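First the structure, in the form of structure tokens, and then the observations on it.
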């Protein structure tokens, strides 16, 4: 008999089906947090958990969620198959009986095939017989989790990015928060307008652009209740987005709840992004927030209704927005920064290398040198104090660091900068005794926009970026840095970087042009005001 847990962020028990899903996903994936840390939670054994899900109605546990957990279990080699084969068959049969053209034996065989080889489940016979939104991402990773800070508060970053051929209209409907409970019933239990019968139109006339306050009931580990400020914006049939931020935690359980959803057509590519940053008042729930991934993934799958092909993309060497495109760089910039220290300090600094390497292993993918200063503040402070008297480069500056630590906001020396060179310039290493560069430590965020036929010698221009929220806060074009980058070895794009010190979080939109005679391309940039931990 399944034991039911007794407590949660909101004080409720985790329901039986949710407990079964959590237990199986945790059984299949070592990287997920241990649900056993939930006060009162008891793991459900593999066989009983499989049978619980098989017996549930498809309203309570959708077919997509059954396939999701079976796909994860297949990647783990179907744990305990020898003793629980019948239970596995019961869950697979619950899918087959709900969908025409799917056979239990074929389904289990196709799940094994896709898990053991580099073949997408959606391309196999069972996957082709299922609606695409149910077969998409089975056994694939489309949920990235990391820890961030917002205003000194710890939070969990949950991010997905993928390309799809699903109709634009279907994705735009998924972005609308009024449709979340229907598109993601495992995660969103309610999304009700507060104080109005319809969202407030932000105009201009004819545009789909509005904002509203919603009462949200969401099941992260168990149910929590919030008021969310949401803004929705759409640009014809090529881009749509919404941004949300916490207005009030009705349970007094959450400090942070913000993020965005976006669909954007760039040439033949339809790219979708989704971000949620959530932080709990009790640190235990921040530790466990990664357990939302299976339920988040089930909701994300609903974005691809009507499609035939959907492919997760790996977030590249990102700024904190997670919006950057993979540039093919594998090297961790934390280690690059450590080598800059070594270049300046000589071989005696080698004793610190192990510390830097450890930091590199723990860093979020794509951490920048700026991230290094944020995340390694204490380490660099100690290093600076240790070497302040011995280092002959910038003794006056290092003296201040030695007294006050890295809280002074001084970066490690950058061997690519000399004298008063700007942060974007490059040059030979400075000689000992030269005046240190004035390096800005202001927080920045950005994104990379793919541009067709962009040449390395082009100088792209960007418009002002305007927030989609009421009031239309503006990022002046003069504050935006543009740099041409090669992406994935062939394509090119423009990296847009903005200082975020005075900006409100939210989605900002505008245009970028590769050259004067070219057509402008839409830009969407989400400012999260977060930093990696």
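FYI, it's all coordinate maths here, none of it is from the lab. Keep in mind it's a predicted model, so treat the numbers as computed, not measured. Backbone-built Cβ (ideal geometry, glycine too); neighbour counts: all protein chains shown.
For this structure, a couple of remarks:
- Computed over region 86-134: relative contact order in percent, which uses C-alpha pairs under 8 Å that are six or more apart: 31 percent
- Exposure proxy ranking, count of Cβ atoms within 10 Å, fewest first, for 235, 469: 235, 469
- Stokes-Einstein D in µm²/s, Kirkwood radius over Cα pairs - region 77-137 at 37 °C with 0.692 mPa s viscosity: 277 µm²/s
- Sequence-distant contacts, meaning Cα pairs under 8 Å at least 6 residues apart, place the relative contact order of region 444-532 at 35 percent.
- Å³ per residue enclosed by the Cα convex hull of region 192-245: 92 Å³
- For region 444-532, the fraction of alpha-carbon pairs in successive 10 Å shells from zero, as %: 17, 50, 27, 6, 0
- Estimated FRET transfer efficiency (residue 165, residue 80; beta-carbon r; R0 35 Å; 0.05): 0.40
- At 1.002 mPa s and 20 °C, Stokes D of region 43-180 from Kirkwood alpha-carbon radius, µm² per second: 129 µm²/s
- Computed across region 152-245, the Kirkwood hydrodynamic radius from all distinct Cα-Cα pairs reaches 14.7 Å.
- Taken over region 144-312, the convex hull of the Cα atoms encloses 117 Å³ per residue.
- Sites residue 504 and residue 251 - FRET efficiency at Förster radius 22 Å, r taken between beta-carbons, to 0.05: 0.30
- The relative contact order of region 16-135 comes to 24 percent, based on Cα pairs under 8 Å that sit 6 or more residues apart.
- Potential lengthening of the chain between residue 464 and residue 31 amounts to 151.8 nm, from the contour at 0.36 nm per residue minus the alpha-carbon distance.
- Which of 490, 123, 482, 500 has the fewest Cβ neighbours within 10 Å, and the rest in rising order: 490, 123, 482, 500
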